[in-house]
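The values are calculated or read from the model by the stated rules, or taken from the named source; none is laboratory data. Small disclaimer: the values here were computed from a predicted structure and weren't measured. So basically every Cβ, Gly included, is an ideal-geometry build from the backbone, and we count neighbours across all protein chains shown.
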Amino acid sequence: MPKLLIVDDETDIREFAKHFFQKRGIAAITASGGQEALDLISLDNPDLILLDVRMGDMTGVDVLRKLRDLGNTTKVIMVTGVEDPVIIKQVQELGVCGYVHKPLALDELERVVMGELGK
C-alpha cells in the first residue's frame, strides 16, 4: 500500500485529504508543520509528500530544501494558493514533481497524487 504524507498547517485540509486518500487505498499520514514533517519522513519513509508552501513554523520550500540537502529524493507535490514565480523556480530546482492549487479541487488533487503513486 503506498504511503502519502500530507503536510499542511490547516487542520481541515489535512484531515479531509487524509480521509479522501485512505478511502482510495492509500496509507495517509499527516503533519501540521515543517519540523513534524521532517521527523515523520525519517521515521515513516513515505512514497509521496503533499507539501503546503506556506506554513507557520517553516515554509514548504524550506522543508523541501532540507530534504534534498539530506539526500532524500522522495517525490514531492507542492500545494500553493499563490502562483509565485520565484517559489516555482526554487522548487523546480529542488526537484518537485507537481503542483496542486488551493482551494483544493478534488479531481485535480486525485489525478496528480494518484498519477505520482502509479495508481
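Considering only residues in the stretch 92-109 that are surrounded by 15 or more Cβ atoms within 10 Å (Cβ to Cβ) and out of contact with any Ser or Thr (no Cβ under 9 Å at 6 or more places or on another chain), the one that is farthest from N45 (Cα to Cα) turns out to be L104. Residues that are in contact (Cβ under 8 Å) with a residue 40 or more places away in the chain, outside any loop (DSSP other than H, G, I, E, B) and under 13 Å from the mean Cα position of the chain (by Cα) within the stretch 54-108 comprise G60, V63, K75, V79, V100, listed in sequence order. Taken over the stretch 27-53, the criterion of being touching a residue at least 40 places away in the same chain (Cβ under 8 Å) and either under 14 Å from L106 (Cβ atoms) or surrounded by fewer than 18 Cβ atoms within 10 Å (Cβ to Cβ) (or both) is satisfied by D44, N45, D47, L50. Here the condition is being modelled with pLDDT of 95 or more and of a type in the set (A, V, I, L, M, F, W, C); of L64, L109, it holds for L64 alone.
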